[in-house]
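As structure tokens, the structure follows; a few thoughts come after it.
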2 protein chains.
Amino acid sequence: MRLSVSVSLMLVNPVRNGSPGMENRDDVVELKASIHELIEQEAWSDVTEEFDNLHVQDIALLLTELSDPDQRVQVFRQVPQERWVATFSYLSAGQQEDLLKQLRNREGRFILTNLHPDDRTALLQQMAPENAERTLKLLRPEDVRLALSLLNYPEESVGRLMTPRYISIRPEWTVREALAHVRQEGRKGETMNTVMVLDDSERLVDVVHLRDLILGELDDTVESICPGYFVSVSPAEDRETAVRLMQHYDLEVLSVVDSDGVLLGIVTIDDIMDVATEETTEDFHKMGSVAAINLSLHEASPQLLYRKRVGWLVSLVFINIFSGAAIAIFEATIEAVIALVFFLPMIVASGGNAGAQAATLMVRAMATGDVTMGDWTRLLGKELTVGIGLGLTMGLAVSFIGLWRGGTEVALVVALAMALVVVMGSLVGLILPFLLSRLRFDPATASVPLITCIADIAGILIYFSVATALLTLPSPV
Amino acid sequence: MRLSVSVSLMLVNPVRNGSPGMENRDDVVELKASIHELIEQEAWSDVTEEFDNLHVQDIALLLTELSDPDQRVQVFRQVPQERWVATFSYLSAGQQEDLLKQLRNREGRFILTNLHPDDRTALLQQMAPENAERTLKLLRPEDVRLALSLLNYPEESVGRLMTPRYISIRPEWTVREALAHVRQEGRKGETMNTVMVLDDSERLVDVVHLRDLILGELDDTVESICPGYFVSVSPAEDRETAVRLMQHYDLEVLSVVDSDGVLLGIVTIDDIMDVATEETTEDFHKMGSVAAINLSLHEASPQLLYRKRVGWLVSLVFINIFSGAAIAIFEATIEAVIALVFFLPMIVASGGNAGAQAATLMVRAMATGDVTMGDWTRLLGKELTVGIGLGLTMGLAVSFIGLWRGGTEVALVVALAMALVVVMGSLVGLILPFLLSRLRFDPATASVPLITCIADIAGILIYFSVATALLTLPSPV
């Protein structure tokens, strides 16, 4: 049985014809369509049979597509029980919470007990307090203790991503003993590819790959095949640190140790990829001046979306009063040469656009670690060069429009104003993310709308000042 | 020896005090500072010794920090030769190209021959044609054939990421035989954790994890422990598909097959994480109306940055002529009530801001696969609800400013115009990414500056139309 690609994930990218993945994708489309039909017919035993041909990730996706909660729980029950936990783990926290509410206590207990500790933490931290309490009651006492200890770490910390289910061996063991132990304990760990080497006091001594054990001589000691260095992190560290470390060092597993070097748990690559995606989404949203939404756009209610957007919109209006005020200062200039208003949007917008470009480049480079605070002066020089180049080009471009609409004098004014405004915008776009980072804000707070707003105010002042200076007009009030 | 964290990666995130990672990070800072000092003193043997304490990734980082190319090649030669290839593979393609130009042919040949085939493709595809040709001459004939066949796949395709270095076993073998084979061939594969099961005609039958072999009964056949389904992709597929598949199915290795199901190669998770970061950066830049830059901001020259930015800036100015034209239509209205210009920036900007929010949410949701074309109508309804809510709030907010600046009549005009403009902006932000995707453009082309520009034009028309209608002014020309 060969199934290639989840469907709804694929529709985003138009698919080329004739590629072999295509047929399989059609298979999945058909399969899912037929399952949806079987669900409508309530032919439950057939549904169960068809589920054998789907990956758990696709079953989870199919559940997500069902909008009726009663139907969803009914369909979930058709999943073979040995795949319940895996299927459940691929649902979003919101869907997990809904499903748990509808399942019988016995069913919920089965899932929660078998869920990986890190997935449990992810679920519990998203739950409303009263639901979390009810959920904890379903767990065994030792699992409750574990869950609470993990939830005790700060939000968005490495501790919240950690699982204590690793496989450990001792440095003095032979490779033969180590392999026998791995074979015996293997199913208990969340990953077997990486094995932790601990001393008698549970301190992390080294990290060994399963492949090194396989390739090693059976009578050698574990110590002798240890690579000799490893990467570890504290549980209190920001989870973005874990992302960076695992990406930088190409790790599949990151070890989490306390201040004495005692191993507390491990973070696995699949969780880190999810975090990386979440963090990027957060940055993305911030750049569009939307507050972080930790939900899929599907699940987010209009109320939530409203709340996440209204704050910035209203704040920006009040900042924009200054744009109005800047215009008010030059009302006499405008009244004298009303034609100047024609050029206002394009000059002002260009400053914002140049700023948006500089800010996007900067915020992303800071997020990936490509640029650090230390690069500040060198980048300022580079941005100034680029900004002047762009400003001259833009000034030239707009001078033609100026000539056409208002003659030589106006052309000169708009060209000069444009060049200055573009340079100003570029610099604002560069400086603001650095400044915010300096003040311990997220540099992505330098959203494009915020940059545009600042560039608007400065742009209006620059434009009308240039006009007033060059056109021998009544000076501003 | 325990070293925790690469330094310059960390400076982006301010570090908390007292966390255990801290000391190790300081170790790395000190170590790197001392190496830089040794480099200045040209104490080469000491440099070599210190390199033993660094991960290859950090050695690569240190090389990146050196600005003098002669010094860089000198320092590279101090890296123990058995770590040359690994260190080299963590440099950017540009740095690899520079280094190869400076190394002797013998040295370059050693590196290129031992580099993973996928890393070789990544390097060759970035090179200027004349350099690529010279580089190919350093390779063995069979490696040249392999490199050319991989480069034959379209740019940004899965084929370009692929390595043919996998470990394969036969379904009829016993687990014992399979393990013996893995032990023998293990070092040749790029990963050992995943083993490919092939039939006599090299067709992919299944994919087995090393852990399943370890946990299996030695006398069972491989076939009996096969999971029974796997995920594969065509080499012509867009590399973003590979990213989605590996993220969706939590894969460490993705198999690439031709139309007959013959295994061509594998894609590994570390390459996919890099691609995911690159693709996200591209989306990020596009949202800020910057053309894709496949270089670090550090390495990008001012000329390159200028070229990547000037196109959109100039295009947007010419679109903005329509904003000017919209204003020109209402020149009489403006002349009659010059106070209206005061509110122009804030009303027009709010439309752009609401649009920026909607577009960012949508573009990101489409990039992560959260939203597909099919969701279009449902999301339109949701966005309309949110947009109306935001419009009413914003109208109310601005009506106070209107009252203060211009009295009841003006307050009514600006409130109504604001509400309409915000709803309009929200809808533009939602619709444009969908529309672009429909027309087979990247939805991220709906950049914030573009949305702002469109919202500007529509906003000006809406605002002055409302004013003309309500204020009993001379009607527009």
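The values are calculated or read from the model by the stated rules, or taken from the named source; none is laboratory data. Small disclaimer: the values here were computed from a predicted structure and weren't measured. Here Cβ is always computed from backbone atoms with ideal geometry, including for glycine, and neighbour counts include all displayed protein chains.
Of all residues being facing another protein chain (nearest Cβ under 7 Å), in a helix (DSSP H, G or I) and in contact (Cβ under 8 Å) with a residue 60 or more places away in the chain in the range A:278-311, which is surrounded by the most Cβ atoms within 10 Å (Cβ to Cβ)? Just the residue, please.
A:Met287
Of the conditions (1) part of a helix (DSSP H, G or I); (2) in contact with a Phe, Trp or Tyr (Cβ under 9 Å, 6 or more places away or on another chain); (3) closer than 21 Å to B:Ala458 by Cβ; (4) not β-branched (Val, Ile, Thr), A:Leu316 clears all except one; give me its number.
(2)
Going by the conditions given, is B:Asn320 facing chain A (nearest Cβ under 7 Å), at pLDDT 90 or above and under 24 Å from A:Ser426 (Cβ atoms)?
Taking the combined requirement at face value, the residue does not satisfy it.
Show the residue pairs that are 6+ apart or on different chains and have beta-carbon atoms under 6 Å apart, the first residue being within the range A:358-371 and basic (Lys, Arg), the second being outside any loop (DSSP other than H, G, I, E, B).
Pairs found: A:Arg364/B:Thr281; A:Arg364/B:Phe284.
Before we move on, is A:Ile327 assigned to a helix (DSSP H, G or I), surrounded by 20 or more Cβ atoms within 10 Å (Cβ to Cβ), facing chain B (nearest Cβ under 7 Å) and of a type in the set (Val, Ile, Thr)?
Answer is yes for this residue.
For the range B:371-380, state whether one or more residues are closer than 17 Å to B:Ser350 by Cα, within 12 Å of chain A (Cβ to nearest Cβ) and out of contact with any Asp or Glu (no Cβ under 7 Å at 6 or more places or on another chain).
no
Looking only at the range B:159-176, filter to residues that are in a loop (DSSP other than H, G, I, E, B) and not aromatic (Phe, Trp, Tyr); which one of those is nearest to B:Leu146 (Cα to Cα)?
That would be B:Pro164.
For the condition within 14 Å of chain A (Cβ to nearest Cβ), under 27 Å from B:Gly369 (Cα atoms) and assigned to a helix (DSSP H, G or I), what is the one hit in B:Ile460, B:Ile431, B:Ile451?
Being within 14 Å of chain A (Cβ to nearest Cβ), under 27 Å from B:Gly369 (Cα atoms) and assigned to a helix (DSSP H, G or I) holds for just one of B:Ile460, B:Ile431, B:Ile451, which is B:Ile451.
Find all pairs meeting these conditions: Cβ atoms under 6 angstrom apart; at least six residues apart or on different chains; first residue within the range A:312-330 and more than 28 Å from B:Ala358 (Cβ to Cβ); second residue aromatic (Phe, Trp, Tyr).
That search, which allows pairs on different chains as well, returns A:Ala328/B:Phe342; A:Phe330/A:Phe464.
It is to be established whether one or more residues within the range B:442-454 are under 18 Å from B:Arg364 (Cβ atoms), surrounded by fewer than 22 Cβ atoms within 10 Å (Cβ to Cβ) and hydrophobic (A, V, I, L, M, F, W, C).
Checked against the condition, which is being under 18 Å from B:Arg364 (Cβ atoms), surrounded by fewer than 22 Cβ atoms within 10 Å (Cβ to Cβ) and hydrophobic (A, V, I, L, M, F, W, C), the range B:442-454 yields no hits at all.
Can you pull out the residues in the range A:353-368 that are more than 14 Å from A:Leu420 (Cβ to Cβ) and more than 7 Å from chain B (Cβ to nearest Cβ)?
Passing the criteria: A:Ala358, A:Met362, A:Val363, A:Ala367.
Any chance the range B:361-371 includes a residue that's surrounded by fewer than 24 Cβ atoms within 10 Å (Cβ to Cβ), among the hydroxyl-bearing types (Ser, Thr, Tyr) and in contact with a Gly (Cβ under 9 Å, 6 or more places away or on another chain)?
no
What number of residues within the range A:191-205 satisfy the criterion of being within 14 Å of A:Glu223 (Cα to Cα) and touching an Asp or Glu at 6+ places or on another chain (Cβ under 7 Å)?
Counting residues in the range A:191-205 that are within 14 Å of A:Glu223 (Cα to Cα) and touching an Asp or Glu at 6+ places or on another chain (Cβ under 7 Å) gives 2.
Taking the range A:210-267, which residues are more than 28 Å from the chain's Cα centre (by Cα) and of a type in the set (Asp, Glu)?
Listed by number, the residues that qualify are A:Asp212, A:Glu217, A:Asp219, A:Asp220, A:Glu223, A:Asp260.
For the range A:125-149, which residues satisfy the criterion of being of a type in the set (Asp, Glu) and crowded, with 16+ Cβ neighbours inside 10 Å?
A:Asp143, the sole residue that qualifies.
May I ask you to list pairs of residues, at least six apart or on different chains, whose Cβ atoms are under 9 Å apart, with the first in the range B:229-242 being assigned by TED's automatic domain parsing to the domain that holds B:Leu263 and in a helix (DSSP H, G or I) and the second being at pLDDT below 95 and of a type in the set (Lys, Arg)?
Matching pairs, first to second residue: B:Arg239/B:Arg160.
Taking the options A:Val398, A:Val414, name whichever one is without any contact (Cβ under 8 Å) to a residue 60 or more places away in the chain and in a helix (DSSP H, G or I).
Just a single option satisfies the conditions, and that option is A:Val398.
Return the residue satisfying two criteria in turn: it lies in the range B:382-395 and is under 13 Å from B:Ala358 (Cα atoms) and free of Cβ contacts under 8 Å to residues at least 12 places away in the same chain, and of such residues it is farthest from the chain's Cα centre (by Cα).
Per the stated criteria, the residue is B:Thr385.
Among the helices (runs of 4 or more DSSP H) lying completely within the range B:35-91, list those that include at least 2 residues that are within 14 Å of chain A (Cβ to nearest Cβ) and touching a residue at least 40 places away in the same chain (Cβ under 8 Å).
B:56-65
Of the residues that sit in the range B:170-202 and are within 10 Å of chain A (Cβ to nearest Cβ) and in contact (Cβ under 8 Å) with a residue 60 or more places away in the chain, which one is surrounded by the most Cβ atoms within 10 Å (Cβ to Cβ)?
The selected residue is B:Thr194.
To keep it simple, each residue is scored yes or no on (1) β-branched (Val, Ile, Thr); (2) under 26 Å from the mean Cα position of the chain (by Cα); (3) closer than 24 Å to A:Asp370 by Cβ.
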| position | (1), (2), (3) |
| --- | --- |
| B:Leu61 | no, yes, yes |
| B:Val75 | yes, no, yes |
| B:Leu99 | no, yes, yes |
| B:Arg106 | no, no, no |
| B:Asp119 | no, yes, yes |
| B:Ala132 | no, yes, no |
| B:Val144 | yes, no, no |
| B:Glu156 | no, yes, yes |
| B:Arg165 | no, yes, no |
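List pairs: first residue in the range A:458-476 and at pLDDT below 90, second residue crowded, with 19+ Cβ neighbours inside 10 Å and of a type in the set (Gly, Ala, Ser) anywhere in the structure, Cβ distance under 6 angstrom, at least six positions apart or on different chains.
Matching pairs, first to second residue: none at all.
Out of curiosity, is A:Gly228 within 30 Å of A:Leu210 (Cα to Cα), touching a Pro at 6+ places or on another chain (Cβ under 8 Å) and either modelled with pLDDT of 85 or more or not hydrophobic (A, V, I, L, M, F, W, C) (or both)?
Taking the combined requirement at face value, the residue does not satisfy it.
Would the range B:186-198 turn up any residue that is among the acidic types (Asp, Glu) and out of contact with any Pro (no Cβ under 9 Å at 6 or more places or on another chain)?
No - not one qualifying residue is present in the range B:186-198.
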